[in-house]
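Participant: Input: one structure, supplied below.
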Ligand SMILES: [Zn+2]
């Protein structure tokens, strides 16, 4: 699936002008993204195209209206529709995958799935990496070299101290064993910080359309990820 140029003269959908060229553009687009089967379009609006538009809108609308307005939200998402990469090793069991699949194609270019389910050991590895690498300088600046070294001497035994210091420099992180990632209920979206706000906006929109699946909790993590949770 690749980005396509989607130009409409007038609205396409239920009770719309449905100009043949516009209908053909939407038909091609819906085929490209796999929302409708492949067939030859005469330029006439039909029920398959309507259902395809509704399938697209189900990603972000609680009640799809089956209408693509010129310059509207549906056209915008459709024009930039693209499945994003999932980082190697990321696990999205069960409903976590379902949640990602609703959010995924709407996310801005440059987004990727950076985390899903994590075991307690993985969570611990992330915590240690924050302590030893990502925030080492900030932690030393705040707590002093001596205290840093004392905690570093036994990370496992000093886990509550490690947590306190990582959190103390502004990085929110759950204690190993208690993270929503370990419960299989959280996804992290990576990408350049310039698109963080757009990512948050997309997840909030999807959450409103899938109240039974997404909890609506979305937050920007200091490490640059946008984190969201399912119920
Ligand atoms: Zn997260």
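No lab work stands behind these numbers, since they all come straight from the coordinates. Everything numeric here is computed off the predicted structure, so don't read it as measured data.
Participant: To the nearest 10 degrees, how steep is helix 159-168 against the longest Cα principal axis of the chain, on a 0 to 90 scale?
Facilitator: Between helix and principal axis, roughly 60 degrees.
Participant: How big, in percent, is the set of alpha carbon pairs in the stretch 122-168 lying more than 12 Å apart?
Facilitator: Roughly 55 percent, once rounded to a whole number.
Participant: Return a whole-number percent for the relative contact order of the chain, with Cα pairs under 8 Å and 6 or more residues apart as the contact set.
Facilitator: Dividing the mean separation by the residue count of the chain yields 19 percent.
Participant: Most mobile of 160, 111, 69 per a Gaussian network model of the chain (Cα springs, under 10 Å)?
Facilitator: Evaluated over the chain, the most mobile residue of the options is 160.
Participant: If you build the convex hull over the alpha carbons only and average its shadow over all orientations, what do you get for the stretch 59-169? Give it in nm² to one decimal.
Facilitator: Over every viewing direction, the Cα hull of the stretch 59-169 projects on average to 10.1 nm².
Participant: Let me know the shape class of the stretch 88-127, please: from the alpha-carbon gyration tensor, a ≥ b ≥ c as square roots of the eigenvalues, rounded when a/c is under 1.5, otherwise prolate if a/b is greater than b/c, or oblate.
Facilitator: The shape class here is oblate.
Participant: Report, in degrees rounded to the nearest 10, the 0 to 90 angle that the Cα long axis of helix 120-129 makes with the longest principal axis of the chain.
Facilitator: Value to nearest ten degrees: 70.
Participant: Where does the chain land on Rg(C-alpha)/(2.2 N^0.38 Å)?
Facilitator: That works out to 1.27 for the chain.
Participant: Between the helical axis of 20-32 and the dominant principal axis of the chain, each derived from Cα atoms, what acute angle in degrees is found, rounded to the nearest 10?
Facilitator: 40 degrees
Participant: Run the helix sum for the chain: -39,500 (n - 2.57) per DSSP H stretch of 4+ residues, divided by residue count, reported at 222 nm to the nearest 500 deg cm²/dmol.
Facilitator: When only DSSP H runs of four or more count, the value is -11500 deg cm²/dmol.
Participant: Ignoring solvent entirely, what values of log10 I(q)/I(0) come out of the Debye formula for the stretch 151-231 at 0.13 Å⁻¹ when each Cα is a single scatterer?
Facilitator: -0.50
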